[in-house]
1. Taking Asn162 and the conditions (1) modelled with pLDDT of 90 or more; (2) buried (at least 19 other Cβ atoms within 10 Å of the Cβ); (3) of a type outside the set (Ser, Thr, Tyr), which numbered condition does it fall short on, given that it satisfies the others?
2. For segment 226-241, which residues satisfy the criterion of being out of contact with any Leu (no Cβ under 6 Å at 6 or more places or on another chain) and modelled with pLDDT of 95 or more?
3. Only one of these is at pLDDT 95 or above, assigned by TED's automatic domain parsing to the domain that holds Gly189 and more than 25 Å from Ala202 (Cα to Cα): Ala277, Ala306, Ala244, Ala258. Name it.
4. Every residue in segment 135-160 that is free of Cβ contacts under 8 Å to residues at least 24 places away in the same chain and either among the hydrophobic types (A, V, I, L, M, F, W, C) or out of contact with any Lys or Arg (no Cβ under 9 Å at 6 or more places or on another chain) (or both), please.
5. Mind telling me which of the residues Lys109, Lys75 ends up being modelled with pLDDT of 50 or more and either outside the structural domain of His190 (by TED's automatic domain parsing) or under 23 Å from the mean Cα position of the chain (by Cα) (or both)?
6. Filter segment 177-218 for residues that are modelled with pLDDT under 85 and part of a loop (DSSP other than H, G, I, E, B) and give the result.
7. Report whether or not Tyr221 is of a type in the set (Phe, Trp, Tyr), modelled with pLDDT of 90 or more, under 24 Å from Asp282 (Cα atoms) and in the same structural domain as Asn160 (by TED's automatic domain parsing).
8. Residues that are surrounded by fewer than 19 Cβ atoms within 10 Å (Cβ to Cβ) and out of contact with any helix residue (DSSP H, G or I) (no Cβ under 6 Å at 6 or more places or on another chain): which helices (runs of 4 or more DSSP H) entirely in segment 232-320 hold 2 or more of them?
Amino acid sequence: MFFYISKDDYINVRESPKGKILFKINGNGGKIYYWQFLGKEENWYKLKYYDYDNKDYKYNDKEVYIYDSEITTNKTFNYNNLNSEEERFIKAVENNDIQTVEELLKNKKIEINKSIYNHNQKETEYYFYSSESKEYVALALAVNNGNYKMVQILVENKANINIVCKEEEGDDLFYYAEYTPFARAVRLGHYDIAKYLAENGADVNSTENTDSDGDAGTYIYQPLIMVLENGDYEFAKFLLSKGANVDCIMGEDYDGAADEYYTALIRAAKIGNYDMAKFLIDNGANINASRKIDGVDTGETALDLAETEEIKELLRKAIK
């Protein structure tokens, strides 16, 4: 759900699975700010600026009320400075401008899985593109915006639901991510979008791989593990019903050699998450799976690595 604070800013309302509610605002220049949820009175959200990155902002230390409204608004956009229909299309997706997107898809020949729009910002540069074309992909933008309706429109118009996208930030490539729309939706907590994508053929075992320093190494985010760590067991059951691998692997990979790879159950044991471990065991997780360090199987299982005695006892009973 998006809200306008000023004519150039939007708020994306999302409740974190762990309960703390933050509001992400996309302001001028692509800067990201956060707002803390203080309460709701009828159809009004009461927010206060949350100093996430120690940056000043015009609403800092002020409480504001935002009216609950539809994603689509009467805001108008000017695309006259753009040179092609593809540029207008991708910019309209970025702007959550559903009316323009629908008009272009209806009246123009738009290659929905490919675009040529070059997006530059004052402080950083963001690229959301196909791993093959190295260009913006509309579906990736819609997912990052958390715009369910836009995602639905794009999928209905044959957007590639399993397209592999890349995101780069900064001239020196200090942040890099490779992901499918489904994996990104899960990581951002957009479960409504993730469910829609899964129901329409998304690969629920696809991952998001990130690199924060520009080296070859990546961190592997597994959707099922992220959902379980957030305590959303109903959504986890849904993912399993769609073919999610209960023994999915997560870990870090540096220059092609695994620093540490382990299953979801080992992850649960390592972080001391009893409910997560029990859920995985109840759903057929391999209790004897072992972790790998630098590509070598250490032979250490969830029982060996369990953080708490309670989880160890759970595993012992499951082994019997």
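The values are calculated or read from the model by the stated rules, or taken from the named source; none is laboratory data. Just so you know, these numbers come straight off a predicted model, no measurement behind them. Please note: Cβ atoms are built from the backbone with ideal geometry, for glycine as well, and neighbour counts cover all protein chains shown.
1. Answer for Asn162: the failing condition is (2).
2. Passing the criteria: Lys237, Phe238, Leu240, Ser241.
3. The unique qualifying residue is Ala277.
4. Start the filter on segment 135-160 by keeping residues that are free of Cβ contacts under 8 Å to residues at least 24 places away in the same chain, which leaves 135, 156.
Answer for segment 135-160, where residues must be free of Cβ contacts under 8 Å to residues at least 24 places away in the same chain and either among the hydrophobic types (A, V, I, L, M, F, W, C) or out of contact with any Lys or Arg (no Cβ under 9 Å at 6 or more places or on another chain) (or both): just Glu156.
5. Answer to the selection: Lys75.
6. Scanning segment 177-218 gives Leu188, Gly189, Ser212, Asp213, Gly214, Asp215, Ala216, Gly217.
7. Here the answer is no, as Tyr221 does not meet what is asked.
8. 233-241, 274-282, 309-319
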